[in-house]
1. If R₀ is 45 angstrom, what is the calculated FRET efficiency for the pair residue 161 and residue 201, using the beta carbon separation as r and rounding to 0.05?
2. Test of understanding: extend the Cα→C-beta vector of residue 84 to 7 Å, then name every residue of the stretch 46-65 with backbone N under 13 Å from that spot.
3. So which trypsin sites (Lys or Arg not before Pro) in the stretch 1-108 are both in a DSSP loop and have at most 16 other Cβ atoms within 10 Å of their Cβ?
4. Please list 3J(HN,Hα) in residue order for the stretch 57-65, calculated via the Karplus relation 6.51 cos²θ - 1.76 cosθ + 1.60 where θ = phi - 60°; whole Hz, with x for glycine and proline.
5. Between residue 143 and residue 211, what length comes free when the chain is fully extended (0.36 nm per residue of separation minus the Cα-Cα distance, one decimal in nm)?
6. I'd like the orientation of helix 24-39 relative to the chain: the angle between its Cα long axis and the longest Cα principal axis, in ° from 0 to 90, rounded to 10.
7. Mind giving me the nanometre distance, one decimal, between the label points for residue 96 and residue 187, set 7 Å out from Cα along Cα→Cβ?
8. If I take the Cα coordinates of the chain and project them onto the principal axes, what are the three extents in Å, biggest first?
Amino acid sequence: MDDVLSLPGQIWDRATTVQPAPDQVVLLGTLAVALVCLAVPVLWHLTRHFLTIVHEAAHGLVAVLSGRRLSGIRLHSDTSGLTVSVGKPRGPGMVATAFAGYVGPAVLGLGAAWLLGRGYAVGLLWLLLVVLVLVLVQIRNWYGLWSVLVSGVVLVGVSWWGSAAVQVAVAYAVTWYLLLGAPRAVLEMQAQRRRTRGRGTSDADVLGRLTPLPGGFWVAALLLVCVGALVLGGSWILDRPLL
C-alpha cells in the first residue's frame, strides 16, 4: 500500500530530475533512427500511428479551446483519423481546429526540443504519456483504443524500467520523429490532394471550403509552420540555437 501511495511522488521525482545532455553520437544516432523510420515504408506505416494520435489530439485540444464540444476521436488501421467536435460549422474556431492537426506534431516536437535542451528527457516521456491518457478517454473505436494503449505501454516501459541512457535516447528519437514526421505528413497529404484534384476531405481542403483561400495556400501554410519548427527545434537539439 505504501508503494502505491508513493508512486505519484516517484513519478514526479523522475520527471523533474535533470539528465545530462547526451554526446553528439547519441544526437546524430537518434536523428538517423528517426530518418530510417520515415524512409522505410513499413516502419513509416507502423510509427505513423503515433503521429496520427498527436494530430488528432491537436484537433481535439484546439476544438475545446475555441469553445467547441469534443465528441470523440477515431483512429484507423490505414493511419488516418477523425476527430468530431460540435459547434458552429464555420468561423474562426472551426478554422483553428482544422489547421491544428498537421501542425500539432510540429508544435509538440518543438516543445519537446525545448524540454530536452533543459535536461528533462524523462519528463518529456511522462508528458507524452499524459497526452496519451487524455486522448484515450476520447477514443471511440477499438483500433484507436489498441493504438493508444500500445503506444502507452511502450512509453511506460521505457519511462519506468529503461536505463537513463535508454530513456534519453528514446526521448530524443521521438522528438526528431515528431519534427521530421510533421512536414512529411503534409507532403503526403498534398500528394493525396493531387490524386483527388483538391476535391477530397483533407484538412487543407476543409480549410479551403471554410475560407476564401484555396486549399493549396493552406498546404503551403501548414508546411511552412512544420518546416519552421523542424529548423528551430533541430537547432536547439544540436545546440546551435537560431533563437
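Here, each number is a calculation from the coordinates, and none is a lab measurement. Just so it is clear, the structure is predicted and the values come from calculations on it, not from any experiment. Cβ sites come from the backbone with ideal geometry, for glycine too, and all protein chains shown count toward neighbours.
1. Numbers: r = 41 Å, r/R0 = 0.92.
Step by step, r from the Cβ atoms, then E = 0.60.
2. Inside the label zone: nothing.
3. Numbers: sites: 14, 48, 68, 69, 74, 90; in loops: 68, 90.
For trypsin sites (Lys or Arg not before Pro) across the stretch 1-108 that sit outside H, G, I, E and B with at most 16 neighbouring Cβ atoms in 10 Å, the list reads 90.
4. 4, 5, 4, x, 4, 5, 4, 5, 5
5. Details: separation 68, 0.36 × 68 = 24.48 nm, distance 3.30 nm.
Computed gain between residue 143 and residue 211 is 21.2 nm.
6. 40
7. If labels sit at residue 96 and residue 187, their model points lie 3.1 nm apart.
8. Here the spans come out as 54, 43, 34 Å, largest first.
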